[in-house]
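These notes concern the structure reproduced below.
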Amino acid sequence: MASEGEEARFVAWAGELRAVHERLRDALRVTREAVEADERMAEGAARELLLFCHGFCAALTAHHRAEDRTLFPAIASAHPELGETIRKLEQDHAMIGHLLGGLQEAVDHGRSPSELLRHLEGVAAIMESHFGYEERQLLAVLDALALDASVEDALGPF
């Protein structure tokens with residue numbers, strides 16, 4: 001039987017995943033606001049916009065890499081019946097990575113704020129669908145997952 005501290009750690013994984021998703025949603029919101037401000041201010045917010053876009057892309061990519069490297073293998077080992085779910089989530093990661101690459105390219109080439117917003121909307125739509133599916137499928141599993149890893153290793157440095 002798990003000690004009280006161990007049980008708290010098990011339950012915390014679901015909370016940690018929710019918290020990371022909320023921070024990424026916040027980062028997306030702030031990035032959108034920066035793009036919208038840039039659209040209104042033309043040259044004024046360009047440098048800030050680059051920082052927000054780069055930061056958001058890096059944070060979401062790091063989150064997905066950590067899940068693919070640490071969290072998903074632990075879930076697959078403990079719950080082989082979730083193999084198809086894990087494969088779908090990994091496919092989402094690849095799709096989101098492709099969309100982030102398009103956003104990064106648009107930022108690097110100084111595309112218009114309206115084009116950047118289109119990229120962000122595409123990322124947002126897939127990201128929200130992915131987060132919702134991941135939470136529906138994995139939160140109960142995470143409540144009991146025995147994973148000896150840091151939050152950063154399992155969910156990314158955010």
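Quick notes
- Each residue in region 82-128 was checked for being hydroxyl-bearing (Ser, Thr, Tyr) and loosely packed, with under 13 Cβ neighbours inside 10 Å, and 2 pass.
- Scan of region 23-56 for residues that are modelled with pLDDT under 80, buried (at least 17 other Cβ atoms within 10 Å of the Cβ) and not hydrophobic (A, V, I, L, M, F, W, C), ordered by number: Asp38
- Filter result for Arg111 (part of a loop (DSSP other than H, G, I, E, B), among the charged types (D, E, K, R) and either over 27 Å from Leu82 (Cβ atoms) or out of contact with any Leu (no Cβ under 8 Å at 6 or more places or on another chain) (or both)): yes
Matching residues to (1) of a type in the set (S, T, N, Q); (2) in contact with a helix residue (DSSP H, G or I) (Cβ under 7 Å, 6 or more places away or on another chain); (3) under 26 Å from Ala14 (Cα atoms):
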position: Pro113; (1), (2), (3): no, yes, no
position: Met127; (1), (2), (3): no, yes, yes
position: Gly132; (1), (2), (3): no, no, yes
position: Ala144; (1), (2), (3): no, yes, yes
position: Val151; (1), (2), (3): no, yes, yes
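- Checklist (1) in a loop (DSSP other than H, G, I, E, B); (2) closer than 16 Å to His21 by Cβ applied to Glu128, failing item: (1)
- Yes/no for Ala62 being hydrophobic (A, V, I, L, M, F, W, C), under 17 Å from Ala19 (Cα atoms), part of a helix (DSSP H, G or I) and in contact with a Pro (Cβ under 7 Å, 6 or more places away or on another chain): yes
- Cross-chain or 6+ apart pairs with Cβ under 7 Å, region 71-90 first and outside any helix (DSSP H, G or I), then surrounded by 15 or more Cβ atoms within 10 Å (Cβ to Cβ): His79/Val141
- Residues of region 75-118 classified as within 15 Å of Gln137 (Cβ to Cβ) and not acidic (Asp, Glu), total: 14
- The residue that is nearest to Ala78 (Cα to Cα), counting only those in region 129-158 that are free of Cβ contacts under 8 Å to residues at least 60 places away in the same chain and surrounded by 14 or more Cβ atoms within 10 Å (Cβ to Cβ), is Gln137.
The values are calculated or read from the model by the stated rules, or taken from the named source; none is laboratory data. In this text the structure is predicted, and so the values were computed from the model without any measurement. For neighbour counting, all protein chains shown are included, and Cβ atoms are generated from backbone atoms with ideal geometry for every residue, glycine included.
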